[in-house]
Amino acid sequence: MTIRFLLKYMSRPLHFFGGFGVVSMMVGSMISAYLLALKVLNTHQNMMDQHGPLFVIGAVLIIAGIQMVAIGLLGELSVRHYHTSQHPAPYTVDRIVRLASPEEQSLLSDRD
């Protein structure tokens, strides 16, 4: 997993951590929605006695997802700071294509 991260996600850590974070938050939200539906439909039962561990798992998944997205954002900021502090750009220019101005065109046509 470390090698995959270093090879594919080194310059875009939010894609790596954000994906795990969003999935974790979605699963935790689905668990929480399920527990909320059970509570609304069965008001006479104590939810913590029957579904306490599931409640904890849902809460931990939501919090862990938020933390993973935050780690991805911090990594993204670090990568952007690293690239902007260096003088060379993280890309290379293959060639520069420039149109001639009307004055240059008249000078070029006078030479012919």
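Each peptide in 69-76, 38-45, 49-56 receives the mean, over its residues, of other Cβ atoms within 10 Å, and ordering these scores from highest gives 69-76, 49-56, 38-45.
With all protein chains kept in place, the per residue accessible area of region 20-63 amounts to 70 square angstrom at a probe of 1.4 angstrom. Note on ALA70 and GLU104: with the Förster distance fixed at 41 Å, the Cβ-Cβ geometry gives a FRET efficiency of about 0.20.
Go ahead and run the numbers for FRET between VAL27 and THR92, Cβ-Cβ distance against an R0 of 30 Å, rounding to 0.05. The pair VAL27/THR92 has a calculated efficiency of 0.10.
The values are calculated or read from the model by the stated rules, or taken from the named source; none is laboratory data. Being a predicted model, the structure only gives us computed values, none of them experimental. Quick reminder, even Gly has a Cβ in these numbers, built from the backbone with ideal geometry, and neighbours come from all protein chains shown. Ligands, DNA and RNA are excluded from the accessible area calculation, which covers all protein heavy atoms including side chains. Shrake-Rupley method; radii C 1.70, N 1.55, O 1.52, S 1.80 Å.
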